[in-house]
Amino acid sequence: MTTPLIKLGTRQSPLAMAQAEETRQRLCAAHGWEESAVELVPVIASGDRIQDRPLAEIGGKALWTKELDGWLAEGEIDASVHSMKDVETLRPEMLTIAAILPRADRRDVLIGAASIAALPRGAVVGTSAPRRAAQLLHARDDCKIVSFRGNVATRLSRLAAGEAQATFLAAAGLERLGEGSVGHPLDEEDWLPAPAQAAIGIECRADDMQTREALAAIDHAPSRAEISAERALLEALGGNCHSPIAVLCRYDGQQLSMRAALFSPDGAERVEGSARFAPGSEGAAELGRDLLARATPGIAAHFSGLE
């Protein structure tokens, strides 16, 4: 019998390729395939090509997914690998997230200082993430935010060049690139992560049952439960890439515990809530509705439309 061949689409950045390699390794291990049974097909995404402007100004999260979505629709690839925090909340009906890999370290890492408190007075901090900017300004309103986009190497080089005194990177991304010793991880209880941070998702056509079955073998149920809940929270909030939202969600094998905070972009306003609920329930959506009901106008204005 011929070994099935899966064409796995991925962005071409070093981190995306590392995530695709992890996916290939897990697929081959699960099915006893040779490495050649899974072909990696890289694409340069629009989000990688355009790095001089914040993502929110140039089309949002779709810039990470639209090329791969097109290839899936045309049958050029069988599945695509994504960082789940970069995937729009509402996806085309023809596609399905067939697998979520075991979630890695969801913390942010601060580069340039040992802690938020240790940042110099008036520090210039580079980030293009509304969550990171708002959460920092909430804790340290003396800091100044400058836009920082690009892959890990680009942002580290910009930091080294003196464009900012500090920046943030995802711990999971650094680990996947073999840079796990860089910077200072921030306590996730004090500095809440991004929704779906540190999770790799694999998407395929909903009607491609052969690929769905192959991918099901590497789906990690606890990670899927967390990611599904965090995306349900985003949907209830109408959150998009403009929306400063932070969330910490943990699955204990029976229930999910979720803490979420919404901010105004300048960090001056904040609303927080928490809930415990069963996977697949309305718990995350109910928390989202509660947060919106208590949000100030300066917060609510930034949770008005999904992407």
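The values are calculated or read from the model by the stated rules, or taken from the named source; none is laboratory data. Everything numeric in this text was worked out from a predicted model, so none of it was measured. Cβ sites come from the backbone with ideal geometry, for glycine too, and all protein chains shown count toward neighbours.
Assorted remarks:
- Candidates Leu110, Leu119: the one that is assigned to a strand (DSSP E or B), out of contact with any Ser or Thr (no Cβ under 6 Å at 6 or more places or on another chain), within 22 Å of Leu174 (Cβ to Cβ) and modelled with pLDDT of 90 or more is Leu110.
- Any chance Ser257 is polar (S, T, N, Q) and touching a strand residue (DSSP E or B) at 6+ places or on another chain (Cβ under 6 Å): yes
- Candidates Glu76, Glu93: the one that is among the acidic types (Asp, Glu) and either more than 30 Å from Ala236 (Cα to Cα) or assigned to a helix (DSSP H, G or I) (or both) is Glu76.
- For the residues Gly239, Gly273, the requirement of being farther than 15 Å from Thr89 by Cβ and either among the hydrophobic types (A, V, I, L, M, F, W, C) or out of contact with any Pro (no Cβ under 6 Å at 6 or more places or on another chain) (or both) singles out Gly273.
- For the range 152-166, the count of residues that are touching a Phe, Trp or Tyr at 6+ places or on another chain (Cβ under 8 Å), assigned to a loop (DSSP other than H, G, I, E, B), crowded, with 17+ Cβ neighbours inside 10 Å and at pLDDT 95 or above is nonzero.
- Single residue of Asp108, Asp141 found to be surrounded by 19 or more Cβ atoms within 10 Å (Cβ to Cβ), of a type in the set (Asp, Glu) and either over 17 Å from Ala16 (Cα atoms) or outside the structural domain of Leu27 (by TED's automatic domain parsing) (or both): Asp108
- With respect to the conditions (1) free of Cβ contacts under 8 Å to residues at least 60 places away in the same chain; (2) not assigned by TED's automatic domain parsing to the domain that holds Ala30, Glu213 lacks only one, and its number is (2).
- Here Arg250 meets each of (1) surrounded by fewer than 18 Cβ atoms within 10 Å (Cβ to Cβ); (2) out of contact with any Gly (no Cβ under 7 Å at 6 or more places or on another chain); (3) in contact (Cβ under 8 Å) with a residue 40 or more places away in the chain with one exception, condition (3).
- Extreme residue, nearest to Ala198 (Cα to Cα), among residues of the range 212-224 that are over 15 Å from the mean Cα position of the chain (by Cα) and assigned to a helix (DSSP H, G or I): Pro222
- Just one residue in the set Ala236, Ala214 is crowded, with 24+ Cβ neighbours inside 10 Å and either within 28 Å of Leu156 (Cβ to Cβ) or not aromatic (Phe, Trp, Tyr) (or both); that residue is Ala214.
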